[in-house]
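Starting off with a structure, shown below.
The values are calculated or read from the model by the stated rules, or taken from the named source; none is laboratory data. These figures come from a predicted structure and were not determined experimentally. Backbone-built Cβ (ideal geometry, glycine too); neighbour counts: all protein chains shown. Ligands, DNA and RNA are stripped out before the accessible areas are found, and what is left, the full protein with its side chains, is counted by its heavy atoms. Shrake-Rupley method; radii C 1.70, N 1.55, O 1.52, S 1.80 Å.
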Amino acid sequence: MTMQRGVGAGVTDYWNGRAPRFDGVASHVARRELWLAVLETAFQADGPKDVVDLGTGTGACALLAASLGHRVRACDGSAKMLEVARAAAEEAGLAVAFQDATIEEAEITDASADIVTLRNVLWTLEHPMEALLKAHSILRPGGLVLVSDGLWSVAPEYRSTYPEALAARLPLHDGLTEAAAQDLLTQAGFSGFRSWQHLFPTSPYPGNVPVFVLTARSLAR
Ligand SMILES: C[S@@+](CC[C@H](N)C(=O)[O-])C[C@H]1O[C@@H](n2cnc3c(N)ncnc32)[C@H](O)[C@@H]1O
């Protein structure tokens, strides 16, 4: 049974199962141009940068970043989600270095990135702070983290269908507010917050679930 194999294995099983249908319902496919415009502005990049997308799934943010001309690496714990991501990158003719590894295990050189993205990932982690600390360590000093997530608990259509015992192990399973994300990012060593969700002319998620797109800069430790 999944829970006997641990939380990470349960999460990976879930996403392996959802992978073939995920892009069919995903906001980044239905609203690709909106996300592209918002990420382009939020990245505040003055040329090609080194971008790492943590928990890339089917490669949404990674592919958008690559299409903006950035050099992109990405990881995910679900091999099936990555299969979809790799196929999408190939079809789009975009080069992304995908790594089949959890955020915790991914081999990413410290201080090797200018931008790290985590979209809709914190809510599904057993140890979200570890992921933010990893983001901090792989960023160059002054580098930019972009976190996007939402308060998924307010919208029944966005509730995860994780088994109850698995969901209970995830501290942010209900989703999170921008203020909560700021608190976590501050603890992880980030400052200089800017929000970008106001740039969406309409909510990127049908049902108006409160979502945010937040950037911050890594402070030197
Ligand atoms: C809701 S999807 C979001 C995917 C993508 N970031 C996006 O915005 O479309 C969550 C993803 O997080 C991945 N994930 C969950 N826990 C992970 C971990 N510890 N390390 C790496 N990936 C993880 C899952 O496999 C899944 O692909």
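Please enumerate the residues belonging to region 182-191 that are part of a loop (DSSP other than H, G, I, E, B) and either under 18 Å from the mean Cα position of the chain (by Cα) or under 24 Å from Arg159 (Cα atoms) (or both). Don't jump to the end; show me each part of the working.
Applying the first criterion (part of a loop (DSSP other than H, G, I, E, B)) to region 182-191 yields 188-189.
Listed by number, the list holds a single entry, Ala188.
Contact list please: Cβ distance under 8 Å, first residue in region 154-169 and closer than 17 Å to His127 by Cβ, second residue open to solvent by less than 60 Å² (accessible area, probe 1.4 Å) and among the aromatic types (Phe, Trp, Tyr), pairs at least six apart or on different chains.
Every condition considered, the pairs that remain are Tyr162/Tyr14; Leu166/Tyr14.
Okay, moving on. I'm checking my understanding of the structure. Among residues of region 138-168 that are of a type in the set (D, E, K, R) and surrounded by fewer than 19 Cβ atoms within 10 Å (Cβ to Cβ), which one is farthest from the chain's Cα centre (by Cα)?
Quick first cut of region 138-168, residues of a type in the set (D, E, K, R) only: 140, 149, 157, 159, 164.
Cutting the leftovers down to surrounded by fewer than 19 Cβ atoms within 10 Å (Cβ to Cβ) gives us 140, 157, 159, 164.
Numbers: Arg140: 19, Glu157: 20, Arg159: 17, Glu164: 23 Å.
Once the filter is applied, the top-ranked residue is Glu164.
Could you please find all residues in region 81-98 being surrounded by fewer than 18 Cβ atoms within 10 Å (Cβ to Cβ) and either closer than 19 Å to Leu39 by Cα or not acidic (Asp, Glu) (or both)?
Residues satisfying the conditions are Arg86, Ala87, Ala92, Gly93, Leu94, Ala95, Ala97.
Can you tell me which of Arg194, Arg169, Arg217, Arg140 is in contact with an Asp or Glu (Cβ under 7 Å, 6 or more places away or on another chain), in a strand (DSSP E or B) and of a type outside the set (Val, Ile, Thr)? Explain how you work it out, then say what you get.
Values: Arg194 fails: in contact with an Asp or Glu (Cβ under 7 Å, 6 or more places away or on another chain); Arg169 fails: in a strand (DSSP E or B); Arg217 fails: in contact with an Asp or Glu (Cβ under 7 Å, 6 or more places away or on another chain).
Arg140 is the lone residue from the list that is in contact with an Asp or Glu (Cβ under 7 Å, 6 or more places away or on another chain), in a strand (DSSP E or B) and of a type outside the set (Val, Ile, Thr).
Got a sec? Which of Ala135, Ala111 is modelled with pLDDT of 95 or more and either open to solvent by 20 Å² or more (accessible area, probe 1.4 Å) or not small (Gly, Ala, Ser) (or both)?
Values: Ala135 fails: either open to solvent by 20 Å² or more (accessible area, probe 1.4 Å) or not small (Gly, Ala, Ser) (or both).
After applying the criteria, what remains is Ala111.
Here is a further query. So in region 203-221, with the set limited to residues that are within 28 Å of Ile138 (Cβ to Cβ) and open to solvent by 20 Å² or more (accessible area, probe 1.4 Å), which one is modelled with the lowest pLDDT?
Per the stated criteria, the residue is Arg221.
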